[in-house]
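Engineer: The structure's right below; bear with me while I get my questions together.
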Amino acid sequence: MMAIQWPDMRALSVLGLLVLCTASRADVFVRDDIVTNPMPDFFTACHGNGCLNLAFLSLKPDQWRKLLDVFHPLAGNAEEERNRVRRAIALMEKYVGEATGTWNDKGGTFNGGEGQMDCIDESINATLYLTMFQKYGLMRGHRVQDRATRGWFIGGWPHTTAVLAETGYFGDSERHRLWAADSWFLDNGEPPFILLLEKWKSGWSPDQDP
């Protein structure tokens, strides 16, 4: 992983961070210098909570090859493709963590120190990774959707996730069924949870499953 440049950090107040976490349209990226059309040799990654810091990065050729290997041969059903996606996001997190110093990110927002990331960072990054996978034809059974937010304090602490929709490409899948791809609960480089968005919105957390 090669860091191309590091723009000046943008200061955010506590109030501003709360606005980011509770915005009514979670799909709106929180700063206009995020690369929304990512490529292996040019993409961005948020860190610092609320995308306070933005890294402009490039994958090394062998890193991109390893990501391609995760997907090839392409998955034969929707569940298998989601499992490939989990592995690929985990690999991207490892590469980005090495380049940005977020390799020590712990699951949750308040569990770590330097390099800690919140759900805004994680959901934006996951959405961008998924966008890259989709752009290069690595996913056939799913398409990237707007990020989703739950909570709003009254119903629980605000929390945001990346989202995928099934395309119906596979005979065993349902067209338009939505899935949350949530890496926030886990340490850097661990495969994210992928579960039905409806279940995620109900307030799901990993400790609810056996």
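The values are calculated or read from the model by the stated rules, or taken from the named source; none is laboratory data. As the structure is a prediction and not an experimental result, all values here were calculated from the model. Because the Cβ atoms are built from the backbone with ideal geometry, glycine has one as well, and the counts that use them run over all protein chains shown.
Engineer: Can you find a residue in the stretch 137-150 that is more than 25 Å from P38 (Cα to Cα), touching a residue at least 24 places away in the same chain (Cβ under 8 Å) and not aliphatic (A, V, I, L, M)?
Structural biologist: Among the residues of the stretch 137-150, at least one is more than 25 Å from P38 (Cα to Cα), touching a residue at least 24 places away in the same chain (Cβ under 8 Å) and not aliphatic (A, V, I, L, M), which makes the answer yes.
Engineer: Something else: How many residues does the stretch 164-197 hold that are modelled with pLDDT under 95, surrounded by fewer than 17 Cβ atoms within 10 Å (Cβ to Cβ), touching a strand residue (DSSP E or B) at 6+ places or on another chain (Cβ under 8 Å) and not basic (K, R)?
Structural biologist: Total meeting the criteria: 2.
Engineer: While we're here: Name the residues in the stretch 175-210 that are assigned to a loop (DSSP other than H, G, I, E, B), of a type outside the set (S, T, N, Q) and under 17 Å from G108 (Cβ atoms), would you?
Structural biologist: The answer is W184, F185, L186, D187, G189, E190, P191, P192, G203, W204, D209.
Engineer: In this structure, is A75 over 22 Å from I120 (Cβ atoms), of a type in the set (G, A, S) and touching a residue at least 60 places away in the same chain (Cβ under 8 Å)?
Structural biologist: Taking the combined requirement at face value, the residue satisfies it.
Engineer: I've got another one for you. Could you check D69 against (1) crowded, with 22+ Cβ neighbours inside 10 Å; (2) out of contact with any Leu (no Cβ under 9 Å at 6 or more places or on another chain) and say which number it fails?
Structural biologist: If we test D69 against (1) crowded, with 22+ Cβ neighbours inside 10 Å; (2) out of contact with any Leu (no Cβ under 9 Å at 6 or more places or on another chain), just (1) comes out false.
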